[in-house]
1. Just a yes or no: is a residue in the range 106-119 at pLDDT 95 or above, within 15 Å of the chain's Cα centre (by Cα) and outside any helix (DSSP H, G or I)?
2. Given Asp25, Asp38, which one is closer than 14 Å to Leu92 by Cβ and surrounded by 11 or more Cβ atoms within 10 Å (Cβ to Cβ)?
3. If a residue has to be surrounded by 18 or more Cβ atoms within 10 Å (Cβ to Cβ) and either over 19 Å from Phe44 (Cα atoms) or basic (Lys, Arg) (or both) to count, how many in the range 83-120 make the cut?
4. In the range 67-84, is there at least one residue being at pLDDT 95 or above, within 11 Å of the chain's Cα centre (by Cα) and acidic (Asp, Glu)?
5. Could we say that Ile52 is touching a His at 6+ places or on another chain (Cβ under 8 Å) and under 15 Å from Leu86 (Cα atoms) here?
6. Go through the range 61-86 and give me each residue that's closer than 16 Å to Ile99 by Cβ and part of a loop (DSSP other than H, G, I, E, B).
7. Being assigned to a loop (DSSP other than H, G, I, E, B) and either under 18 Å from the mean Cα position of the chain (by Cα) or over 18 Å from Pro77 (Cα atoms) (or both) is the filter here, so list the residues in the range 14-31 that pass it.
8. Could you grab the pairs with beta carbons closer than 9 Å, sequence gap of 6+ or different chains, first residue in the range 9-25 and within 12 Å of Asp38 (Cβ to Cβ), second one basic (Lys, Arg)?
Amino acid sequence: MKEFVLIKELVGRFPEVLPSMSEGDEELPYIVTGYLIDWLRTEFKAGPKPEITERLVSFSNWVKSDPKVGSEDITTPFVIGIVEKLFEHPELTCLVPRIMSKSELLENEKYLTSWVGEANYRRALNTYSQR
């Protein structure tokens, strides 16, 4: 059984996803990132949660620091499993400016609009002016 550093780090920072996990999920980064998104959606239904936001920012910074994890790709599951999903769920769009600078958003417009849709991209872009 392969141990995924991304999953270990995610579960360490967000133990709330553990009840959603089943045997074998510890080898499936995209499934576990989905559990995180599901949990975040539930938590953010009533509005932003600063403590949870800071935990996500810290996790994002860890991913961006490019920790040496051998051959494991941590960036792709993070971007596809978490970042893209923040755009797709209106209650989580407020998190986009916390983990991505406006210049990063603008530089990646073509990629993001192709994967998250024009309307979701524009909604996220508008959150930068609200900060």
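1. Taking the range 106-119 and keeping what is at pLDDT 95 or above, we get 106-119.
When the remaining residues are screened for being within 15 Å of the chain's Cα centre (by Cα), the result is 112, 115-116.
Filter once more, so that each one left must be outside any helix (DSSP H, G or I): none.
For the range 106-119, residues at pLDDT 95 or above, within 15 Å of the chain's Cα centre (by Cα) and outside any helix (DSSP H, G or I): absent.
2. Values: Asp25 fails: closer than 14 Å to Leu92 by Cβ.
Testing whether each residue is closer than 14 Å to Leu92 by Cβ and surrounded by 11 or more Cβ atoms within 10 Å (Cβ to Cβ) leaves just Asp38.
3. Total satisfying the criteria: 4.
4. Looking for residues that are at pLDDT 95 or above, within 11 Å of the chain's Cα centre (by Cα) and acidic (Asp, Glu), one finds at least one in the range 67-84, hence yes.
5. Details: touching a His at 6+ places or on another chain (Cβ under 8 Å): no; under 15 Å from Leu86 (Cα atoms): yes.
When the stated conditions are applied, Ile52 does not pass them.
6. Pass one, the range 61-86, residues closer than 16 Å to Ile99 by Cβ: 61-66, 74-86.
Matches in the range 61-86: Ser65, Asp66, Ile74.
7. Going residue by residue through the range 14-31, those that are assigned to a loop (DSSP other than H, G, I, E, B) are 14, 21-24, 28.
Of everything in the range 14-31, those that are assigned to a loop (DSSP other than H, G, I, E, B) and either under 18 Å from the mean Cα position of the chain (by Cα) or over 18 Å from Pro77 (Cα atoms) (or both) turn out to be Phe14, Met21, Ser22, Glu23, Leu28.
8. Here the result reads Phe14/Arg55, each pair linking the range 9-25 to a residue that is basic (Lys, Arg).
The values are calculated or read from the model by the stated rules, or taken from the named source; none is laboratory data. Given the structure is predicted, the values throughout are model-derived calculations rather than measurements. Every residue, glycine as well, gets a Cβ built from its backbone with ideal geometry; the counts of neighbours run over all protein chains shown.
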